[in-house]
Amino acid sequence: MKRTIVAVSPDSPIMMFLNRITHSSSIEVLSCESFNQIEMITDHRCMGVLVCQKNITLRDLSIWHRLREKSAFPFVFITPGNNEQLEYEILNQLFSISAQPDVKKTGPEREVIYLSPDVIFDPSCKMIWKQGGGQMLTLMEYRLLEYLLESGDWVINIDHIINKVWGVDTFTSSNTVYVHIRKLREKIEEDPSNPKILVTCHGLGYRLNIMNNMLEVDHNERTVQLK
């Protein structure tokens, strides 16, 4: 029995790539036009969902969140036409999953964390969602954000960040921390030069200023443009 990949609104180059990769293989590509059709065609054979559409509605995000709560297969969001090489690399990573043994979950899926009403952190896939656009965190960005979240309202100085994120045995400079703080802010802040989430306490260190507001699903189908 073939395993399946669901492609939502794939454009021609993406579909050509999928067909080339899956030709005479054990993987079948199922194409659908919208999020609403995903639940109808996914089952235990599904190894992942590729979302290629440019506009994602808040209702789409609600369906995505519901599917992630009850299913283990990954979602990959691709903005068509922006970076073809990067898109192909992501697709190849997804196809490599088919060669890996199934891993049973040992605990519940981690819930998404709202850093602000418009910025969502998904620890399960190390993704930041900001105004509908998704960005993957690097390993050190992820570890830095996790440590700041664990610290709650506490102000954390540079030395503690280095020891806990990079390790006491590393030769990490404060400048490295500043660079990673900046890169993390570029992914979570509306204006990285005027941060509202990851704030600086001058002379002391950094802390997260989190607004734990739940995202309201707008059934009027407001759309946000993926960047």
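The values are calculated or read from the model by the stated rules, or taken from the named source; none is laboratory data. In this text the structure is predicted, and so the values were computed from the model without any measurement. Glycine also receives a Cβ, built like all others from the backbone with ideal geometry; neighbour counts cover every protein chain displayed.
Check whether at least one residue in region 3-19 is of a type in the set (A, V, I, L, M, F, W, C), modelled with pLDDT under 80 and within 20 Å of residue 71 (Cβ to Cβ), and report yes or no.
Step one: list which residues in region 3-19 are of a type in the set (A, V, I, L, M, F, W, C), which gives 5-8, 14-18.
With modelled with pLDDT under 80 added as a condition, the list becomes 14-18.
If we keep only those that are within 20 Å of residue 71 (Cβ to Cβ) as well, we get none.
No, there is no match, as no residue in region 3-19 is of a type in the set (A, V, I, L, M, F, W, C), modelled with pLDDT under 80 and within 20 Å of residue 71 (Cβ to Cβ).
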Original post:
Quick one: in region 178-205, which of the residues that are part of a strand (DSSP E or B) and without any contact (Cβ under 8 Å) to a residue 12 or more places away in the chain is nearest to residue 121 (Cα to Cα)?
Top reply: 199
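Within region 147-157, which residues are under 18 Å from residue 111 (Cβ atoms) and crowded, with 17+ Cβ neighbours inside 10 Å?
Taking region 147-157 and keeping what is under 18 Å from residue 111 (Cβ atoms), we get 148-150, 152.
148 - this is the single residue of region 147-157 that is under 18 Å from residue 111 (Cβ atoms) and crowded, with 17+ Cβ neighbours inside 10 Å.
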**OP:** Name every residue in region 115-128 that is free of Cβ contacts under 8 Å to residues at least 60 places away in the same chain and surrounded by 16 or more Cβ atoms within 10 Å (Cβ to Cβ), in order of residue number.
**Re:** 122, 123, 126, 127
Subject >> Residues located in region 43-59, provided they are aliphatic (A, V, I, L, M), closer than 16 Å to residue 9 by Cβ and at pLDDT 70 or above >> reply: 49, 50, 51
Original post:
Taking region 23-39 only, how many residues are of a type in the set (Gly, Ala, Ser) and modelled with pLDDT of 70 or more?
Top reply: 3
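Yes/no matrix, rows are residues, columns are (1) closer than 27 Å to residue 118 by Cα; (2) surrounded by 14 or more Cβ atoms within 10 Å (Cβ to Cβ); (3) modelled with pLDDT of 75 or more; (4) outside the structural domain of residue 117 (by TED's automatic domain parsing):
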position	(1), (2), (3), (4)
21	no, yes, no, yes
41	no, no, yes, yes
61	yes, yes, no, yes
79	yes, yes, no, yes
90	yes, yes, no, yes
